[in-house]
Each structure stands twice: as structure tokens, then as C-alpha cells.
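Here's the structure we're looking at; comments come further down.
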Amino acid sequence: MNTSNENFCPKIYLSNLLMANQYLEHKNIDPKLFMSSLKTDISIAIPIPVDPTMEEAHDNIKVCLRTVQKKNVLKGDKIYAYFRISNYIHDRKLLGLKAHVIRQEIKKLAKQISNRIYTIARRVGQLMDTLGPPKTRTFRILSPDIIFRLKKRDWDDLCDYATTIASPLTLIEEEVLLTSQELSPQGGNSLICLESS
């Protein structure tokens, strides 16, 4: 964490902010350079523990929807609210609901078209699941608008990159999960060879 703070350069940060603004307004920038800036942003984003009161407040989907619709809410709080909406979407899918039904629910609760909210929430959920806990981070240029406007292919590339910088806790959990899985009794993956008589 200290190295990212020591290497912070205001000129580069402002340049990246201007590039992000230009991307949102005109899209007349070099896409490779912009993706490189987003990858840097993700790799130096500082993980922040979730405040228990904030977590409790966001257990209600209506609170999350109000948070993402307000203009005077910090970007980090909005991204966390989108993450909690993605959890709601995931839970509804586990109950067997189809995407269009969930979109209708969100539209009814948000009292506005839900495609944007749904898309951003799904993408934030994908990114946060890739990065691992904690689910709040200090992104510098990554914003809900950028998340929504990126092409799916570019977003998937960004999430693939995020797997390379996932938190050590997430990687340990995945390693434990892989090593604790039982071997198939049908064979083909046995560590010892049993000869039948």
C-alpha cells in the first residue's frame, strides 16, 4: 500500500482524469492507452474495510437504489451500492427469476429505466468478485459512467487483468478450495495406482 502512495504523481493523475472525461464526452482517445490507465487504477486502488453501519444500511435494495441515483454521493459509495445491487440480482437469480423479471423489479423500485443500473451492478459485481474482499476500494478514474460505457470485451479484459492482482486472501481461499476437493472415484485423477488382481 505504501508504494502506491509514494509513487502518486498529481500530473499523471490529472492527465488520467482528463482522459476519462474525454472518453465519456467524445471517445476520441487511444483505447489502448485508456485501458492501460484503467488497469493502473485497479492495481493501485486501496482496499478499505466496509463500515458496518454502511453495510447494514445497504442491506435494503431501496437504499442502494437511492444511493446510485443521488448526484451528491461519493463515487466509492455509489460503486459499493452497485455491488450490493449485484448481490440482490444474484440472489434473485438463485431463486429462479429470469433477467427480464429482475430488471422489471429494479425498474419498479427505482422508478426509472433499469438497464443502466442492472448493467453497472452486474459489472461491478464481476469486478469485486475478481478482486476479492474487501468490497470497497479507492478507485481514482473508474466510475459508474465509465463502467457502463466500456464495451463488454474491454470490461472482460479489465476483469481478467484484475485476477492477476486479486488480494492474497482471495488466492488463499481459492487454493484451499482446490486442494480440499475430493478426487473422483471413477479414476483418471488418482495419485496412486491400484492394481486389480
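Quick note: the coordinates plus some simple rules give every number you see, no bench work behind them. Everything numeric in this text was worked out from a predicted model, so none of it was measured. Positions of Cβ are backbone-derived with ideal geometry, glycine not excepted, and every protein chain shown enters the neighbour counts.
Provide, as a two-decimal number, the C-alpha radius of gyration of segment 1-149 over 2.2 N^0.38 Å, N being how many residues it has.
1.10
If the limit is 30 Å between Cα atoms, which of K98/K151; K71/K135; K39/K107; K98/K152; K32/K70 go over it?
Result: K39/K107; K32/K70 exceed 30 Å.
For the pair K11/H100, report the inter-label distance in nm, with labels modelled 7 Å from Cα in the Cβ direction.
Label-label distance for K11 and H100, simple model: 5.5 nm.
Ranking request for peptides 38-45, 50-57: highest mean number of other beta-carbon atoms within 10 Å first, then the rest in descending order.
Values: 38-45: 18.5, 50-57: 12.2.
Output ranking for 38-45, 50-57: 38-45, 50-57.
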